[in-house]
1. Could you tell me which of the residues GLU73, GLU111, GLU102, GLU77 is of a type in the set (Asp, Glu) and over 29 Å from THR250 (Cα atoms)?
2. Take ALA294 and decide whether it is over 27 Å from ARG193 (Cα atoms) and either more than 21 Å from the chain's Cα centre (by Cα) or of a type outside the set (S, T, N, Q) (or both).
3. For segment 298-307, check the following and say yes or no: at least one residue is in contact with a Phe, Trp or Tyr (Cβ under 6 Å, 6 or more places away or on another chain), part of a strand (DSSP E or B) and crowded, with 23+ Cβ neighbours inside 10 Å.
4. For ALA294, only one of the following conditions fails: (1) surrounded by fewer than 19 Cβ atoms within 10 Å (Cβ to Cβ); (2) closer than 26 Å to GLU349 by Cβ; (3) without any contact (Cβ under 8 Å) to a residue 60 or more places away in the chain. What is its number?
5. Which of the numbered conditions does VAL80 fail, given that it passes all the others? Conditions: (1) in contact with a Phe, Trp or Tyr (Cβ under 9 Å, 6 or more places away or on another chain); (2) within 12 Å of the ligand (Cβ to nearest atom).
6. Of everything in segment 111-122, what is under 14 Å from VAL150 (Cβ atoms) and surrounded by fewer than 19 Cβ atoms within 10 Å (Cβ to Cβ)? Give them in sequence order.
7. If we keep just the residues of segment 233-254 that are of a type outside the set (Val, Ile, Thr) and over 23 Å from ALA94 (Cα atoms), which is farthest from the ligand (Cβ to nearest atom)?
8. Find all pairs meeting these conditions: Cβ atoms under 6 angstrom apart; at least six residues apart or on different chains; first residue within segment 175-196 and closer than 17 Å to SER109 by Cβ; second residue within 15 Å of the ligand (Cβ to nearest atom) and basic (Lys, Arg).
Amino acid sequence: MTGVQPRPNLAKIPLYRAGKPTERDEFKLSSNENPFNPLPGVIEAATRELDRINRYPDAGLTRLYSALSAELELPAEQLVAGTGSASVLYTLLASFAGPGDEVIFAWRSFEAYPIAVDVSAATAVPVPLRADGSHDLVAMADALTERTKVVLVCTPNNPTGPVVRQAEWDDFIVKIPADVLVVIDEAYVEFIRDDQAISGLTELERHANVVVLRTFSKAYGLAGLRVGYAVGLAELIGAVRGAVPPFSVTDVAQAAAVASLQRKNELAERVDFVVSERERVTAGLAELGWQIPASQSNFVWLPTGADSLALAASQAPLSVRPFDGDGVRVTIGTAAANQQFLERIATWEPPVPS
Ligand SMILES: *Cc1c(COP(=O)(O)O)cnc(C)c1O
């Protein structure tokens, strides 16, 4: 027994459930990872840094910030990187919200949101998605109070897939007070093909209270190295830079991210492949009678309700991601894995209620 107690905001923290590992990596469709090896030259660039791992990394992240600054065409002062964008989000929330403050987000959305809000000791205000799996931006604006400090917008939404579109965003953002931070989480931005989808970087130029989150974990295939970043006004980003734990991004990760940014053509080919497979899987599911949300991401969402666990179990040896009582998220993988999923799901029959 100990008399030491964690802070009360940590008592009810939800568990983050990672996708299950599988016998063959190719069968893991549960964590929205990229099915391919890192882009050409990336492993070599990362390996070169291994000789120096007795040294702390470059704390200023000069190479990464300069490469991203060129890529995104904005000053390096507007960038802050961390150990994955999830960790940048934790720091963002800790920097802008605390006890007594409210943080609005759509639900269901990224699992880390309610956890990150609890860690910051602010109050989570989840707002249900619309029936088609998209954000209900009208209801989210209605949820604003004087205590609202941050609104999280996930586009495309994980785990359901739809994007936020320009017209509804324009109606929404004018209702948000200038002192409320709006975080646009674009973890899957590379996979968007809907021309009405908002662009975080464009909205950032228009609205001084918008910050965009990006990651190297999904399209770039560097989930294991943990590099993500936020983009925003230098004065907001400066506060976050000050709060990020020192040396969050290793030189190995930095070199891999920089080398990945140099492989635009190969990246585009891989992303195009995932998008075409997403369309093939979506069409296959439609043929089987599934009505699923329009995904602009590297996964599809099966709205199963109570059958989520049974459906996920029926897909073995494929690992897919059930959200209990809600649905199942299936990551787009290799052509063979996607084909296997389509074959298995074709024979799925919901359990008979007892
Ligand atoms: C995967 C994901 C992230 C972050 O991933 P990191 O690996 O921490 O960069 C952030 N937001 C959403 C919505 C995601 O799905």
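1. From the options GLU73, GLU111, GLU102, GLU77, the qualifying one is GLU102.
2. On the way: over 27 Å from ARG193 (Cα atoms): no; either more than 21 Å from the chain's Cα centre (by Cα) or of a type outside the set (S, T, N, Q) (or both): yes.
When the stated conditions are applied, ALA294 does not pass them.
3. For segment 298-307, residues in contact with a Phe, Trp or Tyr (Cβ under 6 Å, 6 or more places away or on another chain), part of a strand (DSSP E or B) and crowded, with 23+ Cβ neighbours inside 10 Å: absent.
4. Looking at each condition in turn, ALA294 falls short on (3).
5. (2)
6. Correct list: VAL119, ALA121.
7. As a first pass, look at segment 233-254 and keep what is of a type outside the set (Val, Ile, Thr): 233-236, 238-239, 241-243, 245-248, 251, 253-254.
Remaining after also requiring over 23 Å from ALA94 (Cα atoms): 251, 253-254.
Numbers: ASP251: 18, ALA253: 11, GLN254: 14 Å.
Among those residues, the one meeting the criterion is ASP251.
8. GLU186/ARG214; ALA187/LYS218; TYR188/LYS218
The values are calculated or read from the model by the stated rules, or taken from the named source; none is laboratory data. Model, not experiment: these values are computed from the prediction. For neighbour counting, all protein chains shown are included, and Cβ atoms are generated from backbone atoms with ideal geometry for every residue, glycine included. Surface accessibility is based on the protein's heavy atoms, side chains included, excluding ligands, DNA and RNA. Shrake-Rupley method; radii C 1.70, N 1.55, O 1.52, S 1.80 Å.
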